[in-house]
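Undergrad: Here it is: the structure, laid out below.
Coordinate-derived values only; no laboratory data. Computed from a predicted model, the values in this text were never measured in an experiment. FYI the Cβ positions are ideal-geometry reconstructions off the backbone, even for glycines, and counts take in every protein chain you see.
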């Protein structure tokens, strides 16, 4: 009953049939996601208890995600592919707080919200987007804030440390790519050095306007650094600069654009690939937008927040299934040349038509 046969039969035989059914249910459902709902949908072929045991059984991790999406990635990967890293926060205001449903600062909303924070790694090549790794932020350490005397949580592992570990895994999986793309929240010198020196890959990252750089190697040695927003180059130009703590120079580009409200925005982009001109730098970084589309789709189309699961494991496995369901939608998009929202709209119309036909039959 899986919605698309997108892996070889021998690989499919090794997969949990309930994971396939549950992820299809996430795509097909337009209401709350429950074990009872799936059981009824399947005419009790699988009971509520069986579905609950599936969600509370083994932990599904990035290793499982890679095993599932690997055939699709191998079919589209190229040496010029990109890895896009970004995190997203899904609010869960009515769920009990635990180590993954915790309080996080949402930079988009500019406030602290209760929910889940997930760091995702999206592989983009040939117009295809496939999630290849993820980490749910676990705020597993509790402490008492001295000023407020309130119990709070924080994570033993930072998101930047998670990012580097995910990159190690992608390297072990022999994933073919050339660039790593991130926004300015992940453009630390540790990440830059790890990508360029340890992995021998390139990056294109946004920088905060107050980031400091040296204009020459001697300036760097003498500790003469200036803010990037005080540099002389105009838009559409590239300048070679040195970032403190990096053993190599980077190319810096200043991109000026107009926002929807008519205001002027400025984006500073740094890349380790000194051969790139302004056009190539901005074109490569533009691909980062695909991760925003991914986050919007898992929230709207694969039920990321629509499960009333209560425990850390059942919640984590539901989030995993939602990310996996995105992969299925992405392959359906390629097959039918329809975006995720159009596909879901088609499913909704079909469901309405079936419901309407059944009502007419009952009323006859």
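Undergrad: Please order 170, 121, 108 by the number of other Cβ within 10 Å, starting at the fewest. Show your work: numbers first, answer last.
TA: Numbers: 170 22, 121 25, 108 8.
By the 10 Å Cβ count, ascending, the order reads 108, 170, 121.
Undergrad: Provide the gained length on full extension for the span residue 198 to residue 336, in nm with one decimal, where the gain is 0.36 nm per separating residue minus the Cα-Cα distance.
TA: 45.6 nm
Undergrad: Please give the helix 289-300 orientation as an angle from the longest Cα principal axis of the chain, in degrees from 0 to 90, rounded to the nearest 10.
TA: 30 degrees
Undergrad: What angle do you read, to the nearest 10 degrees and between 0 and 90, between the alpha-carbon axis of helix 312-336 and the longest principal axis of the chain?
TA: Orientation of helix 312-336: about 90 degrees from the principal axis.
Undergrad: Next question. Could you give me the radius of gyration and the Dmax of the chain, taking only the C-alpha atoms into account and expressing both in angstrom?
TA: Gyration radius and largest Cα-Cα distance of the chain: 22.9, 88 Å.
Undergrad: Let me ask something additional. Taking the Cβ of each residue in 311, 34, 302 as the centre, tally the other Cβ atoms inside 10 Å and list the residues starting with the fewest.
TA: Ordered by Cβ neighbours within 10 Å, fewest first: 311, 34, 302.
Undergrad: Starting with the fewest neighbours, write out 266, 73 ranked by other beta-carbon atoms found within 10 Å of each beta-carbon.
TA: 266, 73
Undergrad: By how many degrees, between 0 and 90 and to the nearest 10, does the Cα long axis of helix 340-363 differ from the longest principal axis of the chain?
TA: The angle comes out near 20 degrees.
Undergrad: So for region 206-280, what are the equivalent ellipsoid semi-axes in whole Å, largest first, each being the square root of 5 times an eigenvalue of the Cα gyration tensor?
TA: Its equivalent ellipsoid spans semi-axes of 23, 14, 9 Å.
Undergrad: Can you figure out the FRET efficiency of residue 161 with residue 45, using R₀ = 45 Å and their beta-carbon distance, to the nearest 0.05?
TA: About 0.55, to the nearest 0.05.
Undergrad: Quick check on the chain: of the DSSP beta bridges with both residues there, what percent are antiparallel, nearest 5%? Present the calculation step by step, with values, prior to reporting the outcome.
TA: Numbers: 47 of 54 bridges.
Counting DSSP beta bridges with both partners in the chain, the antiparallel share is about 85 percent.
Undergrad: Does region 222-364 come out rounded, prolate or oblate, given a ≥ b ≥ c as the square roots of the eigenvalues of its C-alpha gyration tensor, rounded meaning a/c under 1.5 and, failing that, prolate meaning a/b above b/c?
TA: prolate
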